[in-house]
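Below you'll find the structure, written out as structure tokens, and then a few comments.
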Amino acid sequence: MNSETLLSLIFAYLALACVAFAVLVIMLRNPVQCALALVGVVFHLAGIFILLRAEFLAAAHIIIYAGAIIVLFLFTMMLLNLGVVERARQFHVQAPLAIVVGAILFLEFVVLTGATITVGAQGAHSPAWVAGQGGNVQALGQVLFRDYLLPFEIASVLLTAAVVGAIVLAKQKPRRPRSSSQMGVGEWMAERYEKAKTREQDPAEPR
Amino acid sequence: MIIPALEYYLVLGAALFIIGLLGVLVRRNLLIVFMSIELILLGANVTFVGFAVALNNMLGQAFVIFSLTVAAAEAAVGLAIIVALSRHRDTLNVDEIDTLKG
Amino acid sequence: MVQVAWLIPALPLIAFAINGALGRTYLKKRTGIIANAGVLGALVVSVLLFVAQLDHAEPETVSLWTWAVSGDFALDIVLRVDALTLVMLLVVTSVSFMVHVYSIGYMDNDPGFWRFFTYLPLFVFAMIMLVMANNLLVLFVFWEAVGLCSYLLIGFWFERQSASAAAVKAFLTNRIGDVGFLIGLLLIWHVFGTLNYDEIFSLAPVVEAARPGILTLICLMLFVGAMGKSAQFPLHVWLPDAMEGPTPVSALIHAATMVTAGVYMVARFNPLYVLSSTAMTVVALVGAFTALFAATIGLTQNDIKRVLAYSTVSQLGLMFMALGVGAFTAAIFHLATHAFFKGLLFLGSGSVIHGTDEEQDMQRMGGLFGKMPVTGATYIIGGLALSGIIPLAGFWSKDELLGATLLSGDLGYLLFVLGALASLLTAVYTFRMIFLTFFGKTRMAAERFSHVHESPRVMTVPLIVLAVGAVGAGFVGVPPEHGLIHNYLHDTFLAAEFAGLVHVPSTVFVLALMAVSTVIALLGILVAYGIFMRRSPAPESVAGLAPPLHALLVNKYYLDDFYDAVLAGGTRTAGGLFAWFDLNIVDGVVNLIGLVVRGVGGGLRRMQTGRLENYAFSVALGTALVLAFYIMMAR
Amino acid sequence: MTELVIAVIVKSLIAFAIPLLVVPPLIWGERRILGRIQSRIGPNRVGPFGAFQTLADAVKLLGKEDMIPAGADRALFILAPFLLFVPSFMAWSVVPIGTELHIFGRVIGLYPTDLNVGLLYILALTSVSVYGIVMAGWASNSKYALLGSLRSSAQMISYEIMLGLALVGVVVLAGSLSLPEIVRQQQVPYAIPLIIGTFVFVCAALAETNRAPFDLPEAETELVSGYHVEYSGWRFSFFFLAEYANMLLASFLVSAVFLGGGWPAQFLEPYIGHLWATLLALFFMVSKVFLFLFFYFWLRATLPRFRYDQMMNFCWKVLLPLGLLNLAVATVLKLTVYA
């Protein structure tokens, strides 16, 4: 068994596992299980990145997706009451049609991949160059912080804005006094009584 | 150089993309719809990295960093919207959120 | 030294910025100090520059920065420092400063104190920039800025209907003139290809030779702008109404800023005007007519400030008359002296109004001299200067102006007669005003009369300073034709000399004219004395002499009513027609389109389910179709 | 090839064995030391000085009934302890016990692997261990477990950031994410220039391993345990094991990253030879680990527990600014002293 076969086998496993977990994400009923399936996708994808010698991105994917984004999903699920949703019908009426269109799209992608995509001009970042920089992380750092520093800064601004926006959106608004139609009878009576009392104390207000 | 060939990675990316797309189209739970969007982004990332390695161009990998940023921002804002929405409408069912109806 | 010229506009601007930013919340009453400091700084720098430039009157420029570049046209902000600018700067900053000091007292109780002292330095800044501009476009920008500031200040008490109406009227009337000015500007740009003063001036003879007549058109268009800004007939109607603003504003507008802009502009463009005798004649005729016309109206007005307003119109007319006959130095000289004594008279009238608890009608005044000695004394000095009594400021400048008119040829005799008549009437209405206000038996209620008081020192000191100016300002023009101001401005108005418009009078002529002037002024005062002191209380009985004439004058020749009926009424009628057209024809078409669209949209809206996944599905479907098409084509 | 495979297998076994072998004595040691500090004896019945107490406990736990609550999500309930346990063992594959050993004409790295993204790898695994907690709490179908898991996962996510932030300073100075490389780079232990970062890291590590004074997830005396309240028997022992393995891992990390690993043994190499220097370095490294472990126990015996809001405030309002300050210091140092 030479190393090429080995790598291909590893790829086959990782890719199949990715697809399987992805299918689970959209098939499972329980959102928590979906989220865990998504974690599975991310892990196997990280394996694929390691195959591609993009170690930094592999680690970054796990840290950001598994460590932050999906945890955030789980948090949200735990904060919200999901009982009602879970019992409801899970799939759309348009599901069969959508699956057909999705299959067609996938076929088209495959056809395009095999038939028309030709590998383009080779860039300057050969494996030798990457090794010269001291590895994948250093090479990525060189590209990111030298050539694409401004986009990187803009991305950080985007994140800041997103954080602020998320806080503003999710912040619990101060509870507004409810209108009388939403009150229980007892509450309503009590409030009426309070109003009557203050009116007696304050003769300035016309009755 | 790249084992297996680039096409396999592209097909994998396409598969993840399509599965994510189907999730968006098919599921009624808003949370799962969001997860499906993450799947779409992951599929794009595979494609980026695949091309980056095949073409010896680091830009593909750098772009994945930006894609991750966007995913994180999207998740934060999206989940905040979901929280606000479920407080407001008491539902996460996409079918019931149709105020945009003409 | 000339490098610090930027300080002159900068200091009032800084004062404006500070007051505008902090005045409302933090500075409040302290805004007055800041505004005064800013304008005082501008005054000091102006004086320093004046002294430094006393020897050589060569125009100098200070480039600040390039404002805008468009193609090969670059608009540089350049400050011009030459003799004319410096004279104007001195007049503007000194009178403005007096007005600023005075305003601290006058506006003391006003709730809009900080707002007033925000607008005021802005006004001064705009006027300074107008004067210092080295470029017609910059001049135009600040020409408009001055208009804006006058709008803000005339309408300062905008709660009052009449004040906001007067502000709008001033603004709109000025706009009419500005249209002419803008046309002139564009013509210059079209013909000369530049807006820079020096380039325009040097090109002017070439242009006149190449395209005869175009200069006349340009000059007339510019003059239309000047008519609007300097309140010449028939665009003078806004100035008397501008009395609705606070009195210091009136003083500022009438004496130092705004109205002098037109005179300044025509004087600045003297190299163009001297090349067009038609334009010169028009300027002179309009000026002389306005002078007499406004003076007659001034005779009958009862509002103390309105008399002064018509007086200003009249005096500006005299200045234009001088400009029209090529006596640019005399016009600027009169502008300078006029600034002092008119500023003095306005501030004095403000002091009277202040002291009599907001009384403006002279028919209900009289005998105030004893109660307000400082105001009264300075007011009389101002009145004498305005009437042209030797040796006060007005005498020297008016005398020179009339002399230059008389010497200017055939038309000069007619102009001289008009001017002399205007001078006579000036003396009459001035002293009518003084007599009715300060002398005779009081016509005020005893209760109110007892409350009349002299104004605080912060108001009287500026009066005294300006009175000194009204006495002494004329001596810069002594001896006639060879005084300080003549030498100083000589190079600026060289073009007039080349055009043969300057006639050096003989000594006998000068002395004779002085005598005639004095006699005219004294005669006017005597007439006023005879009518309004001897037979007081007079206004009604005077009116009885010639009722139709009096009615005509009181109603200002019905010009305002004419404008109202013809222009405003015509506009309203046309507006009604347009409104009908718009409501029925235009709206009908639009509504028809709307109905059609709504019908179609009503059908299409069924496609909008409001469910995002449906939309996403159609996006996916579209992508699939596009890709399918692409694959087909690639085969 | 064969040699490589053998080396990898041996190293993996060692990496796997270290936590498994060290944890039982560690628990025993902790109980004895706590006992000493609190003026009592501690376990002393099973074996000499009670040294086999932990083994007895383990046997007891393994013998208990395996309970799965009704209404629990069975799959996740079973999976959860492994999700907590597996990452903490996986992390050992990059922890350097020493640097290289030159012996018998070959070079043996005293670390399972030299991953060029070693630090990121550890951080990634740390972030995964949150899932064990979240799933344990959620799958138990018990509100106590759910609330406990919410609290502890929030704590772990928050302090994870501080962990990473403190390590960024080290990465800046070392210019590498590889752990052996970081150890090699330390002529002076980074704890000295990056004293602030060391403080942040130690605090964050305490919180990440749920140790006192950050042991809110368990809070034995107040909350009757948190996310693992429904677990019993051998499943519970996995949580226990994972916690101590994590603790050990944190000690190794602090020793390697901030305390310079075998420092200052490498300076003695010219005098005492390579072999002895390496052994000495190993000794120093292990001593630092045990010193740090003792520090752990000491803190537990001394400090009271944080309240939840205090804990969060400490994280975001104290550690975060300090971590940023540390980063600034590291950057300045990199541009000046370490240039």
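Points worth noting:
- Here B:Val83 does not qualify as facing chain A (nearest Cβ under 7 Å), at pLDDT 90 or above and outside any loop (DSSP other than H, G, I, E, B).
- Sub-8 Å Cβ pairs linking a first residue in the range C:355-372 that is more than 11 Å from C:Val452 (Cβ to Cβ) to a second residue that is crowded, with 20+ Cβ neighbours inside 10 Å and among the charged types (D, E, K, R), at least 6 apart or interchain, are C:Gln360/C:Lys305, ordered by first then second residue.
- Checked against the criterion of being over 20 Å from the mean Cα position of the chain (by Cα) and either assigned to a helix (DSSP H, G or I) or surrounded by 24 or more Cβ atoms within 10 Å (Cβ to Cβ) (or both), the candidates C:Thr337, C:Thr375, C:Thr329 yield just one match: C:Thr375.
- Scanning the range D:130-151 for residues that are over 18 Å from D:Ala72 (Cβ atoms) and at pLDDT 85 or above yields one hit, D:Val130.
- Residue in the range D:143-150 that is more than 12 Å from chain A (Cβ to nearest Cβ) and either over 19 Å from A:Ile70 (Cβ atoms) or touching a residue at least 60 places away in the same chain (Cβ under 8 Å) (or both) present: yes
- Residue match in the range B:11-28 (condition: crowded, with 21+ Cβ neighbours inside 10 Å, outside any helix (DSSP H, G or I) and within 7 Å of chain A (Cβ to nearest Cβ)): yes
- Which listed residue is over 29 Å from C:Pro121 (Cα atoms) and of a type in the set (Phe, Trp, Tyr), from C:Phe201, C:Phe158, C:Phe142: C:Phe201
- Test: B:Ala62 is facing chain A (nearest Cβ under 7 Å) and small (Gly, Ala, Ser): yes
- Per-region count, the range D:131-170, residues surrounded by fewer than 21 Cβ atoms within 10 Å (Cβ to Cβ) and of a type in the set (Asp, Glu): 0
- Selection of the range C:4-58 for residues being surrounded by fewer than 17 Cβ atoms within 10 Å (Cβ to Cβ) and not in a helix (DSSP H, G or I) yields C:Leu54, C:Asp55, C:His56, C:Glu58.
- For the range D:325-339, residues that are assigned to a helix (DSSP H, G or I) and touching a residue at least 40 places away in the same chain (Cβ under 8 Å) total 8.
- Flag if D:Pro87 is surrounded by 18 or more Cβ atoms within 10 Å (Cβ to Cβ) and touching a strand residue (DSSP E or B) at 6+ places or on another chain (Cβ under 9 Å): no
- Qualifying residue in the range A:74-82 (condition: farther than 26 Å from B:Leu55 by Cα, at pLDDT 85 or above and either within 16 Å of the chain's Cα centre (by Cα) or surrounded by 23 or more Cβ atoms within 10 Å (Cβ to Cβ) (or both)): yes
- Residue-level check: of (1) closer than 19 Å to D:Tyr296 by Cβ; (2) at pLDDT below 85, D:Glu30 misses just (2).
- Options D:Tyr231, D:Tyr244; residue that is modelled with pLDDT of 85 or more and closer than 30 Å to D:Gln186 by Cβ: D:Tyr244
Every residue, every condition in (1) in contact (Cβ under 8 Å) with a residue 12 or more places away in the chain; (2) of a type in the set (Val, Ile, Thr), yes or no:
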| position | (1), (2) |
| --- | --- |
| C:Thr31 | yes, yes |
| C:Gly38 | yes, no |
| C:Val45 | yes, yes |
| C:Phe50 | yes, no |
| C:Pro59 | yes, no |
| C:Thr66 | no, yes |
| C:Val78 | yes, yes |
| C:Leu90 | yes, no |
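- From the list D:Phe283, D:Phe258, D:Phe252, the lone residue that is closer than 30 Å to D:Gly29 by Cβ and surrounded by fewer than 21 Cβ atoms within 10 Å (Cβ to Cβ) is D:Phe283.
- Any hit, the range D:102-111, residues being surrounded by fewer than 24 Cβ atoms within 10 Å (Cβ to Cβ) and either within 13 Å of chain A (Cβ to nearest Cβ) or modelled with pLDDT of 85 or more (or both): no
So that you can scan it fast, the table gives a plain yes or no per residue for (1) on the phi > 0 side of the Ramachandran plot; (2) facing chain A (nearest Cβ under 7 Å); (3) within 11 Å of the chain's Cα centre (by Cα):
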position	(1), (2), (3)
B:Ala5	no, no, no
B:Val33	no, no, yes
B:Val49	no, yes, no
B:Asn56	yes, yes, no
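- Residue in the range C:492-511 that is farther than 25 Å from C:Ala336 by Cβ and assigned to a helix (DSSP H, G or I) present: yes
- Residues (among the hydroxyl-bearing types (Ser, Thr, Tyr) and modelled with pLDDT of 90 or more) located in the range C:578-635: C:Thr623
- Breaking point among (1) within 14 Å of chain A (Cβ to nearest Cβ); (2) surrounded by 12 or more Cβ atoms within 10 Å (Cβ to Cβ); (3) out of contact with any helix residue (DSSP H, G or I) (no Cβ under 9 Å at 6 or more places or on another chain), for D:Gly71: (2)
- Looking only at residues in the range D:112-130 that are facing another protein chain (nearest Cβ under 7 Å) and of a type outside the set (Phe, Trp, Tyr), the one that is surrounded by the fewest Cβ atoms within 10 Å (Cβ to Cβ) is D:Asn116.
- Residue list for the range D:88-144, filter: of a type in the set (A, V, I, L, M) and either farther than 28 Å from A:Phe73 by Cβ or not in a helix (DSSP H, G or I) (or both): D:Val94, D:Val95, D:Ile97, D:Leu101, D:Ile103, D:Val107, D:Ile108, D:Leu110, D:Leu115, D:Val117
- Of D:Val46, D:Val86, all but one fail to be free of Cβ contacts under 8 Å to residues at least 12 places away in the same chain and under 20 Å from D:Ile122 (Cα atoms); the exception is D:Val86.
The values are calculated or read from the model by the stated rules, or taken from the named source; none is laboratory data. Please read all numbers here as calculations on a predicted model, not as lab measurements. Note that we place each Cβ from the backbone using ideal geometry, even for glycine, and neighbour counts take in every protein chain shown.
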